[in-house]
Each structure stands twice: as structure tokens, then as C-alpha cells.
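Novice: Submitted below is the structure of interest, expressed as C-alpha cells.
The values are calculated or read from the model by the stated rules, or taken from the named source; none is laboratory data. Remember, it's a predicted structure, so these values are computed and weren't measured experimentally. Because the Cβ atoms are built from the backbone with ideal geometry, glycine has one as well, and the counts that use them run over all protein chains shown. Keep in mind that these areas ignore ligands, DNA and RNA; they rest on the heavy atoms of the full protein, side chains included. Shrake-Rupley method; radii C 1.70, N 1.55, O 1.52, S 1.80 Å.
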Amino acid sequence: MHTLPRKIVCIGAGYVGGPTMAVIAARCPDVQVTVLDLNAERIAAWNGGSLPVFEPGLPEIIRQVRGRNLHFIPQAQGLAALAEADVVFISVQTPTKTTGPGAGKASDLQYVEACARLIAEHARGHTIVVEKSTMPVRAAERIQQILSTTQAGGTFAVLSNPEFLAEGTAIRDLEHPDRVLIGGEDPAAVAAFKSIYSSWVPPEKILTTGLWSAELSKLAANAF
């Protein structure tokens, strides 16, 4: 039996990060969940009465967990949370490149890479880093390269946990998913991360695979 991670941080308070962390906080009341974002207005909206994301059922969940075990904090003020995190989600945008090689086709990973550098600088101990954005295959390898340069003495395991959310049914998709996909090469990290979803998702719906396979599955699903 693997110990449930107790402190989770998500970098990115957008359409995926906000609702996903809200449901995790609601389903795992003993886990402290912190959501960081560079956009102070977005954080203020999550902490206010007019949420930046409209999804049926989301306001009720936010009211239940916000201030209890779900916290929205501007990124510059949340670095202490990164240092204490057992799991860090990267859930930032990956727009199409507009310049350079692959312009108009390839994903721009600058925001993902910035997150990896932030984690490398501030994380302590052993941290599970989870790519939650839509990324090209082998993006996790780039994250691993950046994390390996840390001088802070931390160690990392990188996992892929692609989202399969549809607009208008995101909360239902999160609370009753038809599958949860976890990709990784570190069995202990996969098992520890899986314990989060096991709090409410039936075991037969939690699928584990290799890191690249999880990344490829998301792209294939998007193509269909």
C-alpha cells in the first residue's frame, strides 16, 4: 500500500488545472492542494465570486473546498508550497510556435520549460512531476533534462497524466472518468500517484503505461 501524497501543487489555473485540482481536493480531503498562476487576476477570480472557468457543478465544489484544502495563490507567493510538494502538476498552455523551426505546426514548450526550471529551483526532497498539458511526444524527456540540472539537491520522477475533458461535462468527466491514464518509468512514483485517483476511481479504469505511450495516447485521442 503506497502512501497517499499529502501536498499537491498545480502550476496553471486554467481550464484543466482549476477544475482538476478542485475535484482532487474534494475527493481527497486529507490532501492539501495549491494552485499557482502567474496571472494575478485569474487567481483573484478563483478566490472570488465569479470563477474564470464555467463548468456545471464547479462552483459548488469550489465553495466546498476553497480555503479548506484547496488554495489559489499567485505564483510568486507560492514558492514555499513548491518546496513542500510531493506532487507538482504542470498544467500550462502549449500554443503552436509562431517563429523558428516548426512554426505553425510544432508546440511551443516555453511555458512548460519555465515550469520545469521553477520546479528544479524550488522543489526539495523527492518530487513527482506530472505533465498535464497537451504536449508532443517526448516532452517529458525535455522536462527531465531541465530537472536534472538542479543544484538544489532534489530528486524527481516525471509522469504523464493526460486529460480527456470535454467542455460542458468537465466535472462529470473528472468525477466519473471512463479512464485515467498514467504514464511513467518509475513504478514507485506511478503507484504513489495512482493512489490519488484510487480515492474515487475504480481500479479497472486507472490505466498505467510507459511515459511516451501516455503522451502518444493523448495526441491520438485528440486526432480522433
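Novice: Could you work out the per residue convex hull volume over the alpha carbons of the range 1-59, in cubic angstrom?
Specialist: Details: hull volume 5.3 nm³, N = 59.
Measuring per residue, one finds 91 Å³ for the Cα hull of the range 1-59.
Novice: Suppose we keep just the alpha-carbon trace of the chain; what are its Rg and Dmax in angstrom?
Specialist: 16.3, 48
Novice: Oh, and also: Pairs on different chains or at least eight residues apart, Cα atoms closer than 26 Å: how many lysine pairs in the chain fit?
Specialist: 14
Novice: What is the percent carbon and sulfur in the accessible area of the chain, measuring with a 1.4 Å probe over the protein chains and ignoring ligands?
Specialist: 52 percent
Novice: Against the empirical 2.2 N^0.38 Å scaling, what ratio does the C-alpha Rg of the range 116-216 come to?
Specialist: Values: Rg = 14.2 Å, N = 101, 2.2 N^0.38 = 12.7 Å.
Rounded to two decimals, the normalised Rg is 1.12.
Novice: Further question: Name the trypsin sites (Lys or Arg not before Pro) in the range 139-196 that are in a loop by DSSP and that have at most 15 other C-beta atoms within 10 Å, would you?
Specialist: Numbers: sites: ARG142, ARG172, ARG179, LYS194; in loops: ARG179.
For trypsin sites (Lys or Arg not before Pro) across the range 139-196 that sit outside H, G, I, E and B with at most 15 neighbouring Cβ atoms in 10 Å, the list reads ARG179.
Novice: Can you tell me which of ASP37, ASP178, ASP86 moves the most in a GNM of the chain? Springs connect C-alpha atoms under 10 Å apart.
Specialist: The residue that fluctuates most here is ASP178.
Novice: OK, next. Where does the chain land at 222 nm, in deg cm²/dmol rounded to the nearest 500, when only DSSP H runs of n ≥ 4 count, each adding -39500 (n - 2.57), divided by all residues? Please report the intermediate quantities before stating the final value.
Specialist: Working: 9 runs with 85 residues, N = 224.
About -11000 deg cm²/dmol.
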